[in-house]
Each structure stands twice: as C-alpha cells, then as structure tokens.
Amino acid sequence: MSEAESGTIYDRLGGAAFTRALADRFYDIMESDPAYAGLRAMHEPDLGPVRDSFAGFLATWLGGPRDWLAARGGGFCVMSRHAGMGITAETAGQWVAAMRAAMAELVTDARLRAKIDEAFTRLAAAMARGGGENA
Ligand code: HEM
C-alpha cells in the first residue's frame, strides 16, 4: 500500500479542510443551480447551520474526528434524521447529482470518488424509500 493509500479516507482526502470544502461546494451548487430547486426548497432559508453540521457529519463518516458526534450526545442516525421529510426519488436524485458535481471538483482519486458516490447513492435511495434497515 502506498503512503497515499494509508490512513483513513478522511486523512487521504485532506481532513477538516476537505470536509468543509465539500460541504460548502455541495450547498453552493444546490443553491445556485435551478436543477436542484426542489431539493433546495426542502431546506431552511439559511443554509449556514446545515453547512456546518454536514461538514461535521462528513468528518465522522469518513473516519475522522468524532467531535461532531460527541457534541450531539454520541447518537445520530442519518436515516432517522431524514424520516418524514417526504424524500422522493426525484429529490434523492437531485441530492446525489449535486454531491456528484461537488465531488468531481474536489476528489481527484477516481476510484475513491466512485466508492464514496456508491455509498451516498445507496443512502439517498434508502431515504427515498423511507427505509432504514440497511443504513
Ligand atoms: C436523499 C436526499 C436528501 C434530502 C432531500 C435531504 C434533506 C435534508 C434536509 C431538508 C435537512 C435539514 C436541514 C435544513 O432544513 O436546512 C438535512 C440535513 C442533513 N442531512 Fe440530508 N438530505 C438528503 C440526503 C442526505 C444524505 C445522503 C446524507 C448523508 C450522507 C445527509 C446528511 C445530512 C446531515 C448530516 C444533515 C444535518 C442534520 C442535523 O444537523 O441535524 N442527507 N437533509
């Protein structure tokens, strides 16, 4: 394994600077491209809090520091958080497409990008089904 392939995915991608940049780019794209208007409308008018929260979630999810999780009392289920939002196949597809666009700009390792994309796609599809058993 080369040096670039050791460590957590979080470290390999650039740590806190990366998770912050990905969260910001994702919401920038969601906000600025009318293709994501349906998804944008589901969010609060002020995207500031969710930008911060999503960046913290990403750090934990990618194997980095768990402070974000600890600050929430150590328990967070991303599926339960999205239950009852009325996520459809269409809004889930918008989420995945906006995230794919952000990752295309920020994740140069194509294999790693495909792996993360697959995990996001699976989660988003489960949210659209309203399921939670595979989350
Ligand atoms: C499937 C389509 C999705 C939709 C429509 C959606 C929508 C939302 C909405 C409306 C919020 C509340 C924030 C606000 O109102 O401004 C939210 C929060 C959040 N979402 Fe999603 N989301 C989706 C997928 C995902 C996925 C796949 C993940 C993780 C990989 C994720 C992670 C989060 C996190 C971490 C928060 C912040 C929760 C908190 O601070 O309590 N979302 N999402």
Cβ-Cβ under 6 Å pairs, at least 6 apart or on other chains, the range 79-106 side within 12 Å of Arg129 (Cα to Cα) and more than 8 Å from the ligand (Cβ to nearest atom), far side small (Gly, Ala, Ser) and assigned to a loop (DSSP other than H, G, I, E, B): Met79/Gly132; Met79/Ala135
Residues that are more than 12 Å from the ligand (Cβ to nearest atom) and in a helix (DSSP H, G or I), drawn from the range 107-117: Ala110, Arg111, Leu112, Arg113, Ala114, Lys115
Count of residues meeting criterion [free of Cβ contacts under 8 Å to residues at least 40 places away in the same chain and within 10 Å of the ligand (Cβ to nearest atom)] in the range 62-78: 3
Residue in the range 29-47 that is within 24 Å of Asp11 (Cα to Cα), assigned to a helix (DSSP H, G or I) and modelled with pLDDT of 95 or more present: no
Pick from the range 48-57, criterion within 8 Å of the ligand (Cβ to nearest atom) and closer than 20 Å to Arg12 by Cβ, ranking: surrounded by the most Cβ atoms within 10 Å (Cβ to Cβ): Gly56
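The values are calculated or read from the model by the stated rules, or taken from the named source; none is laboratory data. Keep in mind the model is a prediction, meaning the values are calculated, not measured. Glycine gets a Cβ as well: all are built from the backbone with ideal geometry, and neighbour counts include every protein chain shown.
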